[in-house]
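Let me give you the structure first, and then I'll get to my questions.
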Amino acid sequence: MAEVLLKNVGKVYSAEKGGRTYAVRDFNLEIQTGEFVVFLGPSGCGKSTTLRMIAGLEEISEGEIQIGGRVVNEVPPKDRDIAMVFQNYALYPHMSVFDNMAFGLKLRKMDPEEILRRVNEAAGILGLTDYLARKPRALSGGQRQRVAVGRAMVRQPKVFLFDEPLSNLDARMRLQMRGEITRLHQRLGVTMIYVTHDQVEAMTMGGRIVVMKDGRIQQVGPPLEVYKRPANTFVAGFLGNPPMNLLEGTLELDGGNKVFQEKGGPIRIPIEREAASLPAGKQVWLGVRPEHCVLVDSADSTKAGCFEVKLELIESTGSETLYYLNTGAHILMGKGRLHPQQSALGQSVLLKINFEELCLFDHTSGLRI
């Protein structure tokens with residue numbers, strides 16, 4: 001196990017005409033020994049490039065990377081004591097499962113009895129004992145991915161690196177493999193860095209999430225903290241399925257108290273706590289998660305804090321119902337059950353927003369206020 005430290009790390013690609021393009025810029029992160037950290041972001045955000053720089057597969061343009069207290073900028077991948085699991089498995093098709101898992105150890109001239117012990121131990125943990133004599137073509141996608149993980153395990157590295165290892169699997173197999181990798185981390189207690197664009201993987205697996213955009217870190221924190229208190233509008237809109245609703249509006253005074261007034265719409269919400277020091281007339285974004293947008297029965301006598309909106313679309317996913325609501329200025333998404341009288345599209349319904357779960361963002365910078 002080892003600590004991983006990245007100081008002002010950057011990756012620059014030079015264009016033919018002399019221009020410079022940053023794939024990763026000013027990346028600073030300390031990963032504790034035994035921690036499970038997930039790099040999350042859209043395609044092209046720099047998360048895989050950062051992982052490959054840690055592995056030594058990409059040259060570092062700027063900054064410093066330490067693994068276990070040792071600077072590894074110039075250390076070749078084989079000497080960094082890391083193991084990497086790729087998206088495409090990268091198994092040798094002509095070798096058995098046993099030989100695939102043992103190949104790296106044989107190259108290091110390790111004692112055959114120790115190789116046998118390590119491979120059998122890893123196969124037992126990953127449920128591969130009955131498949132050691134098979135070739136990769138005789139395995140399912142999930143089994144092949146477990147072989148790739150096992151090949152990394154037998155090396156007993158200080159750090160595990162996972163580069164979107166589940167993206168080629170179907171939904172059921174992804175669910176199974178998420179659990180297996182999480183249990184593997186709990187059992188081994190080794191430092192793991194996991195790259196994904198799938199927010200469900202990030203939320204369910206990581207001890208901390210590193211959200212990235214355009215090569216820069218946007219926010220670092222435990223999954224629920226990042227979900228409930230996003231640092232900016234990008235994180236708010238990226239994390240969550242469906243994503244956080246963002247309403248454009250201004251802060252106004254109402255009897256000495258600050259309220260948010262939706263631009264061109266009916267939403268008017270008291271937000272004194274967040275806006276105490278902000279001037280009236282300031283333009284802001286108000287964020288509210290779909291699960292905090294609830295439709296209430298029109299016959300309910302307690303309609304305080306309710307707004308009349310139009311029901312545009314209903315999507316049933318089985319376990320929950322998603323609905324799209326038109327305020328006249330924005331389309332909001334909500335979650336929850338619908339009353340029978342709320343099932344007709346195009347009709348007016350009553351929306352109730354949980355005022356305690358709101359987020360406020362600066363209109364210009366997008367940063368959380």
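The values are calculated or read from the model by the stated rules, or taken from the named source; none is laboratory data. The model shown is predicted, which means the values in this text are computed figures rather than measured ones. With ideal geometry, Cβ positions are generated from the backbone for all residues, glycine too; neighbour counts draw on all protein chains shown. For the accessible areas, the whole protein counts, side chains as well, though only heavy atoms, and no ligand, DNA or RNA atoms are used. Shrake-Rupley method; radii C 1.70, N 1.55, O 1.52, S 1.80 Å.
Exactly one of these conditions fails for Val4: (1) within 26 Å of Asp198 (Cα to Cα); (2) β-branched (Val, Ile, Thr); (3) surrounded by fewer than 21 Cβ atoms within 10 Å (Cβ to Cβ). Give me its number.
(3)
If you don't mind, another one. Condition check: in contact with a strand residue (DSSP E or B) (Cβ under 6 Å, 6 or more places away or on another chain) and part of a loop (DSSP other than H, G, I, E, B). Does Pro230 satisfy that?
no
Right, here's the next one. Across the range 78-113, what is the total count of residues that are among the hydrophobic types (A, V, I, L, M, F, W, C) and surrounded by 20 or more Cβ atoms within 10 Å (Cβ to Cβ)?
Counting residues in the range 78-113 that are among the hydrophobic types (A, V, I, L, M, F, W, C) and surrounded by 20 or more Cβ atoms within 10 Å (Cβ to Cβ) gives 10.
Answer yes if at least one residue in the range 77-88 is part of a helix (DSSP H, G or I) and touching a residue at least 40 places away in the same chain (Cβ under 8 Å), and no otherwise.
no
Also, quick follow-up: For the range 114-144, how many residues meet the condition of being of a type in the set (D, E, K, R), surrounded by 19 or more Cβ atoms within 10 Å (Cβ to Cβ) and within 30 Å of Ala171 (Cβ to Cβ)?
Of the residues in the range 114-144, 1 are of a type in the set (D, E, K, R), surrounded by 19 or more Cβ atoms within 10 Å (Cβ to Cβ) and within 30 Å of Ala171 (Cβ to Cβ).
Let me ask you something else. Since Leu126 meets every condition but one in (1) in contact (Cβ under 8 Å) with a residue 24 or more places away in the chain; (2) closer than 23 Å to Ile54 by Cα, which condition does it not meet?
Status for Leu126: all satisfied but (2).
One line per residue, one yes/no per condition, for (1) surrounded by fewer than 17 Cβ atoms within 10 Å (Cβ to Cβ); (2) part of a helix (DSSP H, G or I); (3) among the charged types (D, E, K, R); (4) without any contact (Cβ under 8 Å) to a residue 12 or more places away in the chain:
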{"site": "Gly150", "(1), (2), (3), (4)": "no, yes, no, no"}
{"site": "Pro165", "(1), (2), (3), (4)": "no, no, no, no"}
{"site": "Leu169", "(1), (2), (3), (4)": "no, no, no, no"}
{"site": "Arg172", "(1), (2), (3), (4)": "yes, yes, yes, yes"}
{"site": "Leu175", "(1), (2), (3), (4)": "yes, yes, no, yes"}
{"site": "Ile181", "(1), (2), (3), (4)": "no, yes, no, no"}
{"site": "Met212", "(1), (2), (3), (4)": "no, no, no, no"}
{"site": "Leu246", "(1), (2), (3), (4)": "no, no, no, no"}
{"site": "Gly249", "(1), (2), (3), (4)": "no, no, no, no"}
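Is one or more of the residues making up the range 233-242 among the aliphatic types (A, V, I, L, M), in contact (Cβ under 8 Å) with a residue 40 or more places away in the chain and under 30 Å from Glu30 (Cβ atoms)?
yes
On to the next question. Can Ala83 be described as at pLDDT below 90, within 21 Å of Ile193 (Cα to Cα) and aliphatic (A, V, I, L, M)?
no
Identify all residues within the range 183-210 that are polar (S, T, N, Q) and touching a residue at least 40 places away in the same chain (Cβ under 8 Å); write none if there are none.
Within the range 183-210, Thr191, Thr196, Gln199 qualify.
Is it the case that some residue within the range 52-67 is in contact with a Gly (Cβ under 8 Å, 6 or more places away or on another chain), of a type in the set (S, T, N, Q) and more than 26 Å from Asn168 (Cβ to Cβ)?
Scanning the range 52-67 turns up at least one residue that is in contact with a Gly (Cβ under 8 Å, 6 or more places away or on another chain), of a type in the set (S, T, N, Q) and more than 26 Å from Asn168 (Cβ to Cβ).
Within the range 11-66, which residues are without any contact (Cβ under 8 Å) to a residue 60 or more places away in the chain, open to solvent by less than 40 Å² (accessible area, probe 1.4 Å) and either of a type in the set (Phe, Trp, Tyr) or farther than 24 Å from Thr191 by Cβ (or both)?
Correct list: Val12, Gly19.
Considering the range 35-59 alone, what residues qualify as being of a type in the set (A, V, I, L, M, F, W, C), touching a strand residue (DSSP E or B) at 6+ places or on another chain (Cβ under 6 Å) and part of a loop (DSSP other than H, G, I, E, B)?
The one that is of a type in the set (A, V, I, L, M, F, W, C), touching a strand residue (DSSP E or B) at 6+ places or on another chain (Cβ under 6 Å) and part of a loop (DSSP other than H, G, I, E, B): Cys45.
Still on this model: Inspect the range 361-369 for any residue being in contact with a Ser or Thr (Cβ under 6 Å, 6 or more places away or on another chain), in contact (Cβ under 8 Å) with a residue 12 or more places away in the chain and of a type outside the set (Lys, Arg) and give the result as yes or no.
For the range 361-369, residues in contact with a Ser or Thr (Cβ under 6 Å, 6 or more places away or on another chain), in contact (Cβ under 8 Å) with a residue 12 or more places away in the chain and of a type outside the set (Lys, Arg): present.
Could you please find all residues in the range 136-188 being out of contact with any Ser or Thr (no Cβ under 8 Å at 6 or more places or on another chain) and on the phi > 0 side of the Ramachandran plot?
Hit for the range 136-188 is Gln156, nothing else.
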